[in-house]
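A short write-up of the structure that comes next.
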Amino acid sequence: MDKELDWGNLTFGYVPTDYNVRCCYRDGKWGEIEVSSSDTINIHMAATSLHYGQECFEGLKAFRGKDGKIRIFRLDENAARMRRSAEGIMMAPVPEELFREMCIKAVKLNERFVPPYGSGASLYLRPLEIGISAKVGVKPADEFMFMIFVTPVGPYFKTGFKPSNYCIMREYDRVAPKGTGQWKVGGNYAAGIQAGERAHSMGYSAVLYLDPKEKKYLDECGPANFFAIKDGVYITPSSDSILPSVTNKSFTQLAQDLGLKVERRHIAVEELADVQEAAACGTAAVASPIGEIDDIDTGTKYVIAKDGNPGPVTTALYNKLRAIQLGEEEDVHGWNTIVE
Ligand SMILES: *Cc1c(COP(=O)(O)O)cnc(C)c1O
């Protein structure tokens, strides 16, 4: 690198790296892994991904640990979810072994972009799969491109681990009741982009979506899952229209390890009045504590973080997860893949 990156001041944005990896599916099989130093791709203008949203993606992170080793967090979970997403929109699923090999290769080839231990930054991996066959009618492609690029990222929120506010707006849905909510597909993001921008313009971090069928229960926080702590119990919504977050799954386990009870169930909006802590969770921010939730339609304001600080359980879970990712604490659940 000409100049050392300013690791401490990275944002969640795109910083070019040296290489990305690609693999195409043609004639019913996956081909050879290609290494590229170009950050553009060349595809047919009639590709199904461009017109009919035949695209799915993943997001995971690699960390430089206390011992200097590089760890990729829960790669197998992301691989499995990506296969489910691909099958959900009629694309060829990427085999776990190929996904694993390409993640490791992408990290190794860009090792100099893995932020140092202690910087608070990490290397974000973005795998994506797109339909590349030219079709004019609505049909699934028969050729696909799977690629992974990596980019060093700082904390998702510049403000750090501090509570921020969310809003409930019933006039928007992210997904339909029997739609594509449980898959990580680009179309869900297109559907939520207007609501998200509106929430931002009103000073909120994101929209807290309700279940799209009855609008009675909490679903998720834009691009992140929701959990709350209520009388010592970790509660998180059970719903067919939310994306199963790997971070949420990890917190659920860690909460149990800390001796908390876990409930995955419907959470009615009004129950927000009785929770002591709440947070949005996902790979990008890990946990983002919630200060206030404003129900725009009813005018109800739920003040969660009464003293303006993250709650003790959210803080403990956040610290525990970070410690495992950074190799500061023993990885008892076998979540890390060490890149040798
Ligand atoms: C990616 C994503 C999440 C977070 O999932 P993680 O696996 O924890 O990163 C939550 N909700 C939606 C809609 C997502 O796309």
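Read-outs throughout are calculated quantities, based only on the coordinates presented, and are distinct from any laboratory measurement. The structure presented is a predicted model; accordingly, all values stated were derived computationally and were not measured. Positions of Cβ are generated from backbone atoms using ideal geometry, with glycine treated the same way; all protein chains shown enter the neighbour counts.
Rounded to whole Hz and in sequence order, give me ³J(HN,Hα) for region 320-332 from the Karplus expression 6.51 cos²θ - 1.76 cosθ + 1.60, θ = phi - 60°, writing x for Gly and Pro.
5, 5, 4, 5, 5, 4, 9, x, 7, 10, 4, 8, 5
For a footprinting-style exposure proxy, rank Asp231, Asp211 by other Cβ within 10 Å, fewest first.
Asp231, Asp211
From the phi of every residue in region 295-311, what ³J(HN,Hα) in whole Hz does the Karplus formula 6.51 cos²θ - 1.76 cosθ + 1.60 yield, where θ is phi - 60° and glycine or proline is x?
Taking θ as phi minus 60°, the curve returns 8, 4, 6, 9, x, 7, 10, 9, 8, 8, 8, 5, 9, x, 10, x, x Hz for region 295-311.
Going down the list Lys61/Lys162; Lys215/Lys306; Lys29/Lys135; Lys178/Lys216; Lys216/Lys301, which pairs span over 18 Å between their C-alpha atoms?
The answer is Lys61/Lys162; Lys215/Lys306; Lys29/Lys135.
Could you compute the net charge surrounding Ile242? Neighbours are other residues with a C-beta less than 14 Å from the C-beta of Ile242; K and R count +1, D and E count -1.
So the environment of Ile242 carries a net charge of +4.
Can you tell me which lysines have their Cα less than 19 Å from the Cα of Lys261? Leave out same-chain residues fewer than eight positions away.
Filter leaves Lys230, Lys249, Lys320.
Can you divide the C-alpha Rg of region 210-340 by 2.2 N^0.38 Å and report the result to two decimal places?
That ratio works out to 1.07.
Find out how many positive minus negative residues lie around Ala195, taking Lys and Arg as positive, Asp and Glu as negative, among other residues whose Cβ is under 10 Å from that of Ala195.
-1
How large is the translational diffusion coefficient of region 7-153 in µm² per second when you combine the Kirkwood radius over alpha carbon pairs with Stokes-Einstein at 4 °C and 1.567 mPa s?
Taking Rh from Cα pairs, D becomes 82 µm²/s.
Going by C-beta contacts inside 10 Å, put Val262, Val313 in order with the fewest on the left.
In order of increasing Cβ crowding within 10 Å: Val262, Val313.
Using the number of other C-beta atoms within 10 angstrom as an exposure proxy, rank Ser245, Ser119 with the fewest first.
By the 10 Å Cβ count, ascending, the order reads Ser119, Ser245.
Amide H of Leu60: which non-local residues (sequence gap of 5 or more, or other chain) have their own amide H closer than 5 Å, using H built in the peptide plane?
Leu125
Can you work out D for the chain in µm² s⁻¹ from Stokes-Einstein, where Rh is the Kirkwood radius over C-alpha pairs, the temperature is 37 °C and the viscosity is 0.692 mPa s?
For these conditions, the coefficient is 157 µm²/s.
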